[in-house]
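Beneath this line is the structure, given in structure tokens, with notes to follow.
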Amino acid sequence: MALPFPAFSASLFERAWPLGTMALMRRRSAPWFLAGCASLGFAGAVAAQWLPGERVAAQDAAAGDAFGFSVATRGGALVVGSPTNDAAGNDCGATLVFERTGDGWVQRATLTASDAKPGDWLGHAVAVDGGVVVAGAPLADPAGSESGAAYLFAQVAGEWAQVARLVASDAAAGARFGYAVAAKDGVVVIGAYQADGGRGAAYVFEEVGGVWEQTARLASPSASVGSFFAQSLAAGDGVIAVGSMGDDSAGVDAGAVHVYVRGGDGGWEFGATITAADATAGALFGASVALHDGVMAVGAMAGDSGPFTGAAYVFRENGAGWTQEARLAPPVPSPHLYFGRAVAVHGSTAAVGSYRDDTGATDAGAVLVYEEAGGAWTHAATLMAKSPDQGDWLGHAVSMDDGVIAAGAHGDDDNGAFSGAAWVFERCRADFNHDGEVNTLDVLAFLNAYASGDPKADVNGDGVINTLDVLAFLNAYAAGCE
């Protein structure tokens, strides 16, 4: 739907609002703007939703690349792992970086290891934070077969380059260091679930004097072989969550998540072991874990009534510990959904990957979105590829940023068998305050963000907050969320 006044342009907007400061705009223009929106037919409540996804693929996509095996998104960047990519040699692996622009997601770089060797599987796990991309290569051989390594990449003089290669201080054959990775505020965590004879370990790295150094080694409090400790990881503000889906604390293979917190001396201390309130043997709780602002999502991909139906759980940090707030289940439970193989959380929204979901086609996969309101979490949307195909496995990997969900579909065969793809879904931009309705409260929320220079006001995603974002918001508001 076009705007009801075709002559409304950026230049006209600037003439209509010749303000000296954004604060003045905020005080004087909001009432006029709200009244104008209402009189022009913009006001009104409609159900908000996630818009159809955008398919993202490598420029040189080829059969067997498994592009989308892992994904991470933050701050307008999308990082996609392609562990069997042959750019640097047979199954050396690669990690691809995309940037959100006004024309969609554009590939900016293909990252490979400087010492790449066949079969390393770089990109098995990826993370991005603060302009640094982390990629795990669990089958690399720096200290023996499948000892594993991880690589850090950043922009140097405007070009993406490898800035560090990480290995464990006690690197050993078979540890699979790099199987899982996480990053937050200058802290990088690497998982090696087969370290220490199969007990597993997580390693913390931080930049010290311009050099990335290992600053901690986190071990499982149960120290049991086969617990899969550190096969999943998440990092938050002063907290690290380590998944251990084979942990027997609440039953054989019931699973657990172990939480570590930053101590007063700057080190990392064990904080708590978290299990599901309805823990059952074989649930594999901790198969995936995600953190954001004191909220944790945990996947248990073998939980619920049928084999590998799956479940997910939401916990909230309350100052005295972590309290289970919700148990999330698929709307139509059935065997072999693998619901909870991947999870993501941001604010009051959680996303759960169900990569064997048959809603669109057999094993096409889906991402289930849940929203929290008043302490209750409810199913809000089921996200699928525009044309789901058998065996796409959408939702094997999931990541979330504000208003954006990225999901991997490494089984996609549009460019050859297992060439892979990723899908990016965006929340309807008109529902700016994310309350499920489109009305003048969204206009106020946008104006406040625009006046304060909040990055959320960059509606058109071009990296600049200006009147073009106002036009983009008005177009989205006029179109609603249909």
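Select, from Gly416, Gly403, Gly420, Gly408, the only residue that is in the same structural domain as Ser70 (by TED's automatic domain parsing) and without any contact (Cβ under 8 Å) to a residue 60 or more places away in the chain.
Exactly one of Gly416, Gly403, Gly420, Gly408 is in the same structural domain as Ser70 (by TED's automatic domain parsing) and without any contact (Cβ under 8 Å) to a residue 60 or more places away in the chain, namely Gly403.
Report yes if Ala164 is closer than 17 Å to Ser82 by Cα, in contact with a Leu (Cβ under 6 Å, 6 or more places away or on another chain) and buried (at least 17 other Cβ atoms within 10 Å of the Cβ), otherwise no.
no
Can you say whether Ala149 is in a strand (DSSP E or B), in contact with a Lys or Arg (Cβ under 7 Å, 6 or more places away or on another chain) and more than 20 Å from Ala57 (Cβ to Cβ), as far as the supplied structure shows?
Against the criterion (in a strand (DSSP E or B), in contact with a Lys or Arg (Cβ under 7 Å, 6 or more places away or on another chain) and more than 20 Å from Ala57 (Cβ to Cβ)), Ala149 qualifies.
What are the residues in the stretch 273-326 that are under 22 Å from the mean Cα position of the chain (by Cα), over 20 Å from Ala366 (Cβ atoms) and either outside the structural domain of Asp247 (by TED's automatic domain parsing) or not aliphatic (A, V, I, L, M) (or both), if any?
Result: Phe285, Gly286, His292, Asp293, Gly294, Phe315, Arg316, Glu317, Trp322, Gln324, Glu325.
Touching a strand residue (DSSP E or B) at 6+ places or on another chain (Cβ under 8 Å) and of a type outside the set (Asp, Glu): which single residue out of Pro118, Pro142 fits that description? Talk me through it step by step, then tell me what you get.
Numbers: Pro118 fails: touching a strand residue (DSSP E or B) at 6+ places or on another chain (Cβ under 8 Å).
Every option except Pro142 fails the conditions.
Within the group Gly321, Gly310, Gly306, which residue is closer than 19 Å to Gly395 by Cβ and either in contact with a His (Cβ under 7 Å, 6 or more places away or on another chain) or surrounded by fewer than 23 Cβ atoms within 10 Å (Cβ to Cβ) (or both)?
Step by step, each of Gly321, Gly310, Gly306 is checked, and only Gly306 is closer than 19 Å to Gly395 by Cβ and either in contact with a His (Cβ under 7 Å, 6 or more places away or on another chain) or surrounded by fewer than 23 Cβ atoms within 10 Å (Cβ to Cβ) (or both).
Taking the residues in the stretch 365-414 that are buried (at least 17 other Cβ atoms within 10 Å of the Cβ) and of a type in the set (Ser, Thr, Tyr) as candidates, determine which candidate is farthest from Pro335 (Cα to Cα).
Checked the stretch 365-414; the qualifying residue farthest from Pro335 (Cα to Cα) is Ser399.
Just the residues that are surrounded by fewer than 20 Cβ atoms within 10 Å (Cβ to Cβ) and not polar (S, T, N, Q), please, taken from the stretch 415-450.
Scanning the stretch 415-450 gives Gly416, Ala417, Glu426, His434, Asp435, Gly436, Glu437, Leu441, Leu444, Ala445.
List pairs: first in the stretch 183-204 and buried (at least 24 other Cβ atoms within 10 Å of the Cβ), second of a type in the set (S, T, N, Q), Cβ under 6 Å, 6+ apart or cross-chain?
The qualifying pairs are Tyr193/Gln231; Gly200/Ser220; Tyr203/Gln214.
Kindly list, by first and then second residue, each pair from a residue in the stretch 301-325 that is modelled with pLDDT under 90 to a residue that is acidic (Asp, Glu), limited to pairs with Cβ atoms under 9 Å and residues at least 6 apart or on different chains.
The qualifying pairs are Gly303/Asp278.
Which members of the stretch 224-254 meet the condition of being crowded, with 24+ Cβ neighbours inside 10 Å, touching a helix residue (DSSP H, G or I) at 6+ places or on another chain (Cβ under 9 Å) and either farther than 12 Å from Ser288 by Cα or not assigned by TED's automatic domain parsing to the domain that holds Arg316 (or both)?
Answer for the stretch 224-254, where residues must be crowded, with 24+ Cβ neighbours inside 10 Å, touching a helix residue (DSSP H, G or I) at 6+ places or on another chain (Cβ under 9 Å) and either farther than 12 Å from Ser288 by Cα or not assigned by TED's automatic domain parsing to the domain that holds Arg316 (or both): just Ser227.
List the pairs whose first member sits in the stretch 275-295 and is in a strand (DSSP E or B), whose second member is crowded, with 18+ Cβ neighbours inside 10 Å and among the polar types (S, T, N, Q), and whose Cβ atoms are under 6 Å apart, counting only residues at least 6 apart or on separate chains?
Gly286/Ser244; Ser288/Ser232; Val289/Ser232
Since Asp247 meets every condition but one in (1) more than 25 Å from the chain's Cα centre (by Cα); (2) farther than 29 Å from Gly130 by Cβ; (3) charged (D, E, K, R), which condition does it not meet?
The single condition Asp247 does not satisfy is (1).
Read through the list (1) modelled with pLDDT of 95 or more; (2) touching a strand residue (DSSP E or B) at 6+ places or on another chain (Cβ under 9 Å), then give the number of the only condition that Ala380 fails.
(1)
So for the stretch 177-184 (the condition being among the hydroxyl-bearing types (Ser, Thr, Tyr) and more than 15 Å from Ala125 (Cβ to Cβ)), does at least one residue qualify?
no
Just name the residue that is nearest to the chain's Cα centre (by Cα) out of those in the stretch 110-154 that are buried (at least 19 other Cβ atoms within 10 Å of the Cβ) and of a type in the set (Ser, Thr, Tyr).
Among those residues, the one meeting the criterion is Tyr151.
What single numbered condition from (1) surrounded by fewer than 16 Cβ atoms within 10 Å (Cβ to Cβ); (2) at negative phi fails to hold for Val470?
Going through the list (1) surrounded by fewer than 16 Cβ atoms within 10 Å (Cβ to Cβ); (2) at negative phi, Val470 breaks only (1).
The values are calculated or read from the model by the stated rules, or taken from the named source; none is laboratory data. Remember, predicted model here, so these are calculated numbers, not experimental data. Glycine also receives a Cβ, built like all others from the backbone with ideal geometry; neighbour counts cover every protein chain displayed.
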